[in-house]
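Taking it in order: structure first as structure tokens, then the write-up.
None of the figures in this text is laboratory data; all of them are computed from the coordinates on show. Not measured: the values here are computed from a predicted model. Methodologically, a virtual Cβ is constructed for each residue, glycine included, from the backbone with ideal geometry; neighbour enumeration extends over all protein chains shown.
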């Protein structure tokens with residue numbers, strides 16, 4: 001951690017005019033060589049962060065540091081950052097070779113060096129032999145690779161990827177997810193990836209930033225964010241979840257509706273109102289007698305790997321269940337779950353408070 | 001960034017000033033009681049009065065408008081049927097050569113059109129005057145109408161026609177109730193363009209007009225060759241206002257036609 | 001789709017138009033170019049065209065057309081570019097187009113006053129101590145007025161080409177290290193050449209055939225092919241020679257069209273594919 005972060009945002013705010021603020025007081029640091037994902041719904045400001053790093057726009061206030069140096073006013077063409085655009089932005093009047101060579105020609109490298117580097121970059125993205133093709137002759141996946149080759153050939157310190165997979169079909173997209181992740185590890189460069197697809201983010205990243213309405217809601221490893229969402233928004237955005245309101249009765253005791261359950265959370269105020277998340281895959285179907293909760297099965301869909309059941313408890317809360325077992329629609333069943341499956345979220349908790357609380361559990365857990 | 005955008009604004013402002021200055025200059029001096037376009041003596045409506053009391057000029061104005069309206073109307077009718085013919089032409093090479101022939105008059109220089117029409121009218125014995133001018137204006141307006149209507153026809157989904165036929169419409173009904181409403185914006189645009197081409201034309205008219213007949217452009221030309229008269233200035237003031245009204249009117253019609261494409265189809 | 005009968009029925013006027021007003025006039029021009037003043041079949045008109053008078057005329061006509069096109073392009077490109085950057089660009093474009101709808105003759109007439117001996121330009125020059133100079137009837141006034149007339153026709157196609165340009169291509173170019181100038185010369189300009197070509201077409205060919213502006217602004221000098229045609233047809237009444245010049249004007253037009261023709265590759269080269 002003593003290393004200077006490659007990118008640091010310090011109280012960065014961006015607004016286009018007086019009314020529309022896209023980013024409010026953003027702070028974060030990025031380490032060298034990691035795969036970062038900015039995740040959020042459209043309009044959350046994730047692309048704005050990317051464009052600020054690329055240099056296509058300047059922050060309205062606050063500072064952006066690159067390797068410890070302030071770069072607020074460094075124009076895009078002087079930053080050691082390259083972008084893979086959402087629509088690829090390949091130059092239609094140039095062929096594949098010239099597209100990839102574009103940045104090198106700007107740098108006025110020798111003819112031989114350019115050729116070597118371009119061919120190597122194309123080989124890197126499995127496009128050897130395509131150098132004389134026109135862009136119009138390339139398929140979507142191939143254009144994607146050309147765009148990546150065009151970025152990496154310049155040997156930038158950071159590669160920015162603006163929803164680069166959104167235009168591809170499902171199968172190609174998951175293929176490219178593997179490829180991108182592998183590419184990042186081979187290159188050892190910092191990747192900053194923007195997406196609104198939570199599965200993509202979970203699969204590829206070292207660290208995810210979940211954004212909403214111009215704020216970073218939570219950052220952490222994919223597992224942290226999936227297992228310990230900080231609030232309703234994150235829980236809802238990342239994966240499917242059952243989110244209900246509850247009350248913290250005491251340490252390790254939480255009440256949902258009329259029933260009390262054992263949980264692992266502590267240090268909250270007695271009778272504090274909280275949001276409670278239980279992931280559908282943590283709920284297990286059992287008999288009504290054995291279950292901690294009694295619900296009625298409303299609908300059931302076969303999803304291939306599991307059944308997806310929509311059930312309701314007596315208070316009318318919906319509980320989504322992912323189970324390999326089948327149930328009868330209209331029947332009452334019991335739901336069982338571990339205390340760890342219950343995740344308690346304090347209302348309006350900041351990320352720092354949240355992290356501190358989680359850390360204290362960790363210490364406790366080991367102490368016990 | 002600030003500096004360049006300031007120079008940019010300055011540049012654009014300069015272009016706009018240059019574009020509008022001559023027109024405003026003309027209109028300004030149309031109110032000059034002195035007889036020239038150089039020193040403004042005092043304000044007067046006198047030249048506008050001169051325009052309206054000059055019966056010859058009024059006749060020419062009326063002629064010009066009649067020729068424009070008639071030629072635009074006839075060119076639109078012929079052009080619409082022409083574009084229908086081109087679009088539903090099965091043979092691709094005939095269709096392409098039809099399109100090329102259609103565009104010949106658009107790219108041809110006015111002088112060549114005027115000269116060749118002059119030869120044509122003399123050969124087949126059309127007396128130079130109202131008829132020859134009207135026919136010429138129809139002739140050079142047809143391709144513009146076709147160019148305005150054709151894209152609309154091409155953008156029309158052919159399943160619309162199939163759907164209409166499926167619902168029991170005859171060919172005539174399909175044309176009246178489906179095709180024409182759909183391409184209406186294109187027809188309006190074509191009519192409007194034909195109108196402005198006719199009003200603006202000088203060169204072709206100059207060649208094919210005889211001694212007894214004149215349009216505004218030709219009249220202004222001969223007046224201007226004789227020297228400066230502020231009657232022309234007053235005329236330009238009137239024309240400017242009329243043009244603005246036409247543009248605004250056209251703008252609204254085209255805006256209305258743009259949004260609900262389906263509207264026409266529903267009726 | 002249509003039966004043979006209905007199809008031909010509604011196409012009659014259109015086909016008649018093509019035969020009578022597209023094919024026949026060109027044929028007539030070509031035919032008349034082969035006759036002299038007294039109606040004898042001859043190739044003399046073509047011989048005449050290759051004499052120094054007409055060759056000089058052709059050259060000067062091309063030279064003026066070239067200058068007019070060049071200046072129009074130099075003024076129009078930055079204008080179109082800056083227009084695409086404005087907030088209400090369609091409205092501003094409309095404002096650029098409106099003057100082109102004002103009768104051509106009136107605009108030309110205005111310059112008789114503006115450039116006149118007692119006009120505002122001379123008055124302005126007077127302030128700086130220059131004496132009254134004759135601006136009217138000079139090459140400058142001719143080119144200036146022509147450029148003024150043609151500018152909207154040059155701006156429109158270039159504006160459309162620029163407007164269709166995918167903005168992320170410009171970002172990409174900057175991102176890859178290109179300065180603003182390199183971005184312009186390597187990305188923006190190559191991708192808008194179709195607009196430029198269309199603009200050149202719309203200005204160059206009419207510039208060759210101008211005759212009204214030459215008469216009113218450049219004096220009675222015969223300096224363009226258009227003036228020469230008008231002279232032969234309406235003044236000298238030598239339709240044969242006039243037709244011959246028209247034949248060459250048509251040939252030049254076709255050549256210009258071929259040179260500035262749109263290649264398919266460029267047609268969808270706005271990058272939005």
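Quick notes on this structure:
- For chain A, a Gaussian network of Cα nodes joined below 10 Å ranks A:233, A:302, A:66 by mean-square fluctuation, and the top entry is A:302.
- The shape of the stretch C:116-234 comes out oblate: with a ≥ b ≥ c from the C-alpha gyration tensor, a/c is at least 1.5 while a/b does not beat b/c.
- Theoretical FRET efficiency, 1/(1+(r/R0)^6), r = Cβ-Cβ of residue C:189 and residue C:16, R0 56 Å, to 0.05: 0.80
- Relative contact order of the stretch A:285-336, taken over Cα pairs closer than 8 Å and 6 or more residues apart, is 49 percent.
- Shape category assigned to the stretch B:1-140 from the gyration tensor of Cα positions, a/c cut at 1.5: oblate
- Each of B:223, A:57 was scored by other Cβ atoms within 10 Å of its Cβ. Arranged with the fewest first, they read A:57, B:223.
- Residue with peak Gaussian network fluctuation, chain B [Cα springs, cutoff 10 Å], from B:23, B:66, B:113: B:23
- From the alpha carbon centroid of the stretch B:88-121 to that of the stretch A:113-141 is 46 Å.
- Cα-based shape type of the stretch C:1-143, given that a ≥ b ≥ c are square roots of the gyration tensor eigenvalues and the cut on a/c is 1.5: oblate
- Per-q log10 I(q)/I(0), chain C, q = 0.13, 0.16 Å⁻¹ (Debye; single scatterer per alpha-carbon; no solvent): -1.05, -1.24
- Average projected area [Cα convex hull, chain A], square nanometres: 22.6 nm²
- Förster-model FRET efficiency, 35 Å R0, residue B:46 and residue B:211, C-beta, rounded to 0.05: 0.70
- The stretch B:55-266, relative contact order in percent, only Cα pairs under 8 angstrom and at least six apart counted: 33 percent
- FRET efficiency, residue B:8 to residue C:59 (Cβ-Cβ, R0 30 Å, nearest 0.05): 0.20
- Distance between modelled label sites at residue A:252 and residue B:66, nm, 7 Å Cα→Cβ extension: 10.5 nm
- Look at the stretch B:21-27: the mean tally of other chain Cβ atoms within 10 Å of its residues' Cβ atoms is 6.
- Spin-label model distance (nm) - residue A:310 vs residue B:58, 7 Å beyond Cα toward Cβ: 7.8 nm
- For the stretch C:52-267, the relative contact order works out to 26 percent when only alpha carbon pairs closer than 8 Å and six or more residues apart are counted.
- Of all DSSP-defined beta bridges confined to the protein assembly as shown, some 75% are antiparallel rather than parallel.
- Candidates B:18, B:106, B:253: whichever shows maximal mean-square fluctuation once chain B is modelled as a Gaussian network with Cα springs under 10 Å: B:18
- In summary, the convex hull built on the alpha carbon positions of the stretch A:223-333 has an orientation-averaged projected area of 7.3 nm².
- 0 to 90° range, to nearest 10: angle between helix A:111-124 axis and chain A longest Cα axis: 20 degrees
- Whole-angstrom gap from the stretch C:179-195 to the stretch B:51-81, using each part's C-alpha centre: 45 Å
- Ranked list, fewest to most other Cβ atoms within 10 Å of each Cβ, for A:171, C:164: A:171, C:164
- Residue mean of other protein chain beta carbons inside 10 Å, C:207-216: 4
- Equivalent ellipsoid, the stretch B:55-266 (semi-axes from 5 times Cα gyration tensor eigenvalues, Å): 36, 22, 13
- Rounded tilt (10° steps) of B:130-155 against the dominant C-alpha axis of chain B: 50 degrees
- With a 10 Å cut-off around each Cβ of B:83-89, the average count of Cβ atoms from other chains is 3.
- Against chain B, whose longest principal axis is taken from its Cα atoms, helix B:110-124 shows a tilt of about 70°.
- Residue C:251 versus residue A:281: modelled label distance in nm, points set 7 Å from Cα along the beta carbon direction: 8.0 nm
- Most to least packed among A:91-104, B:225-238 [average Cβ atoms within 10 Å]: A:91-104, B:225-238
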